[in-house]
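Report on the structure given below.
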Amino acid sequence: MLDILAYLPAKRKTSSSGWVSFNAPCCPHNGENQDRRSRGGLKLSDEGWSFHCFNCGYTASFILGRNLSYKARKLLSWLNVPQEEIERINLESLKHKSIAGLLSERQQVSNELQGIRFEEREIAMGELLSEENTLELDYLRARCVPMDYPYMRQLLPTGRDSIIIPFTYNHSIVGHCRRYLDNRTPKYINDIQPGYVFGTDLQNDAWNYVLVMEGVFDALSISGLAVLHAEINDAQVRLIRSLGREVVVVPDQDAAGMKLVDRAVELGWSVSMPEWPGCKDVNDAVIKYGRLATLITILDSRDRSKIKIELRKKQILKQ
Ligand SMILES: [Zn+2]
């Protein structure tokens, strides 16, 4: 298997979240100046790697068992990987072509046919968090979200500290959520494309369930999906269905969250409203009880019975 790290520039840094940053090789090929601020980020996974350039916005990824994409080939050639080596990697990868890989390729084709597609978006002046960004890192740790997500900050001199959570779809950036860290409003600013659901890239092929929540921190803290408001529109329903899992909606335990419950019942999806005293949403529960305990209570409390769901809803509204 290709050791892609061997082809990266010698000057590089690995962050605690596993991102390797180095001067991106892509920018001059995309009409930008040569990157001199290590704005290329590469992350290895069990099955391959993904690359984001936070200067010119170029992205590419590779998954073992798949064909090398056009963008991945270009990236490798900009990293001076010889052409015959690129061909060898492709052949080698296809030897690993698995049923899972074939199924997920078919899934991608079917999503394209259904019109589930998002355009790539740039995060202007965005930069991956580094060790020095202690304010941002402390905030994320306090919210008990996985630290290996590519969180960013912006280099704009606005004076308000914020964290940017890139929204990805098939590992390309298609929007973002900005969470300001002071107590002023607005707390959040989102760049969301219609029909987008956050968290599809956090799902594992082996899982039977997919948890659907409202907020991005809820989704991050338990590897679920976020619909990003207290409703689920039809395009989002199509995208969630395309995952082919049993859907469990976990609403915020407040009046607005109950709108999500009504919609879930309408769609015939399960709903889970565990008893978490003092917790308003999944992220609160993860902070209080931990990720595993929260997950267990969610799966234990899931229900499809309209009567039971209505009763629990009334209880919550009284609280
Ligand atoms: Zn670039």
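The values are calculated or read from the model by the stated rules, or taken from the named source; none is laboratory data. No experiment lies behind these values; they were computed from the predicted model shown. Virtual Cβ from ideal backbone geometry, glycine too; neighbours counted across all protein chains shown. Just the protein is used for accessible areas: all its heavy atoms, side chains included, with ligands, DNA and RNA removed. Shrake-Rupley method; radii C 1.70, N 1.55, O 1.52, S 1.80 Å.
Just for region 28-43: of the residues that are small (Gly, Ala, Ser) and part of a strand (DSSP E or B), which one is surrounded by the fewest Cβ atoms within 10 Å (Cβ to Cβ)?
For region 28-43, the residue satisfying everything is GLY41.
Out of ASN183, ASN190, report the one residue that is among the polar types (S, T, N, Q), open to solvent by 40 Å² or more (accessible area, probe 1.4 Å) and part of a loop (DSSP other than H, G, I, E, B).
Just one listed residue meets the conditions, ASN183.
Working only within region 277-292, note down all residues that are in contact with a helix residue (DSSP H, G or I) (Cβ under 8 Å, 6 or more places away or on another chain) and farther than 12 Å from VAL250 by Cα.
The answer is GLY278, CYS279, VAL286, ILE287, TYR289, ARG291.
For region 69-91, which positions are assigned to a loop (DSSP other than H, G, I, E, B) and aliphatic (A, V, I, L, M)?
LEU79, VAL81
I'm trying to understand the selection: among the residues of region 12-27, which are open to solvent by 40 Å² or more (accessible area, probe 1.4 Å) and more than 16 Å from the ligand (Cβ to nearest atom)?
Hits for region 12-27 are LYS13, THR14, SER16.
Out of region 5-27, which residues are out of contact with any Gly (no Cβ under 9 Å at 6 or more places or on another chain) and in a loop (DSSP other than H, G, I, E, B)?
Of everything in region 5-27, those that are out of contact with any Gly (no Cβ under 9 Å at 6 or more places or on another chain) and in a loop (DSSP other than H, G, I, E, B) turn out to be ALA10, LYS11, SER16, SER17, GLY18.
Spot the failing condition for LYS71; the list is (1) modelled with pLDDT of 85 or more; (2) out of contact with any Lys or Arg (no Cβ under 8 Å at 6 or more places or on another chain); (3) more than 16 Å from the ligand (Cβ to nearest atom); (4) open to solvent by 50 Å² or more (accessible area, probe 1.4 Å), and only one is missed.
(3)
Scan region 28-39 and report the pairs whose first residue is more than 13 Å from PHE54 (Cβ to Cβ) and whose second residue is loosely packed, with under 13 Cβ neighbours inside 10 Å, with Cβ atoms within less than 9 Å and a gap of 6+ or a chain change.
So the pair list comes out as PRO28/GLN34.
Tell me which of these GLN315 doesn't satisfy, since it passes every other one: (1) closer than 13 Å to MET213 by Cβ; (2) in a helix (DSSP H, G or I); (3) free of Cβ contacts under 8 Å to residues at least 40 places away in the same chain.
Unmet for GLN315, out of (1) closer than 13 Å to MET213 by Cβ; (2) in a helix (DSSP H, G or I); (3) free of Cβ contacts under 8 Å to residues at least 40 places away in the same chain: (1).
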